[in-house]
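First the structure, in the form of structure tokens, and then the observations on it.
Every number in this text was worked out from the coordinates using simple rules, so none of it is lab data. Everything numeric here is computed off the predicted structure, so don't read it as measured data. Glycine gets a Cβ as well: all are built from the backbone with ideal geometry, and neighbour counts include every protein chain shown.
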Amino acid sequence: MKRVGILWLLLLLFTGVAPALAQSDAGAPARVLGNPDDPNACLKCHDAPKVTSVLHTAHMRETDARTKVATEGCQSCHGDSHEHMARVAEGQKRPLPTFVFNGANISPVVSRNQVCTGCHQGGAVMFWQASPHASSEVACASCHIAHSARDVVLAKTTQANTCFGCHAEQRAASLKPSHHPVTEGQMACSDCHNPHGAAGPHMLKGGTVVDTCLSCHDEKRGPFLWEHAPVQEDCTICHTPHGSVQASLLKQRPPYLCQTCHDSSLHNSQPFSGASLPGGALPSRQMVLRACLNCHSEVHGSNHPSGVRLSR
């Protein structure tokens, strides 16, 4: 039997069949470690908790046709991965998937964002292409963690830390004595701003500053019989939204704030200027009007027939 086997081997060598077989094997495609369309094949190597947590997200919901997970697996976001999953020779560098979202060989911001906007369109993302974040080349993955079952930027208690990573000035303002309860987790930046873009200024959710503020402060909306013009024009004329050292988020304390618009030279408190105070020195006009709100208490508007001066 051994002699027959040797004869067959000699016959193959002399006829040139064996080299042909060897040549065909060399030109054959590399063996793939698994099926790239199957997420479980990827998890054989990428088994860290920060990766496997994607199984608990909407991105891996096979019943949702938008995810394409049922037919493409992880490739639905990371692009073609056949070469990445092929066996490589010793010392050879493994090719990367089409889209890499973190690490040293990260894909360009535009490419990564195109993957996200391929599914996330319309609604809150409608104005993304014209948003300041897009023009500044902010990647979706810079704020969102797609593999996390609980994306920190979507929760009120943790969203601000993500925003403050870039917006340091607003972070400093939020630590001032008077501020919106953002750092306390009772309010999120996205309650006022749409980070994906908006038709109005400063990516505000409302069409204007006033519309955005009145979505919570409805009691200031009016219409009033006697209106205070700045209330209808722009709330930030008097208030600074992110934080202030003055009460009620005011830019300055009264009367300095009031006197940026109102001249006190003919104010009816002039007869009570303080000339009878010890020393007889006249105080400055700021001291004369040190408490405008004591009389003009309805500063946002009044519906009282006698409230023409916003006094009741």
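Straight-distance candidates among the lysines for linking to residue 205, with alpha-carbon spacing under 26 Å and chain neighbours fewer than 8 residues away dropped: 156, 176, 220, 251.
Among 111-121, 73-83, how do they line up by average Cβ neighbours within 10 Å per residue, starting with the highest?
Peptide ranking by packing, descending: 73-83, 111-121.
Entry note, the range 140-254: relative contact order of 23 percent, from Cα contacts under 8 Å with a spacing of 6+ residues.
Estimated translational diffusion coefficient (Stokes-Einstein, Kirkwood radius over Cα pairs, 10 °C, 1.306 mPa s) of the range 29-150: 101 µm² per second.
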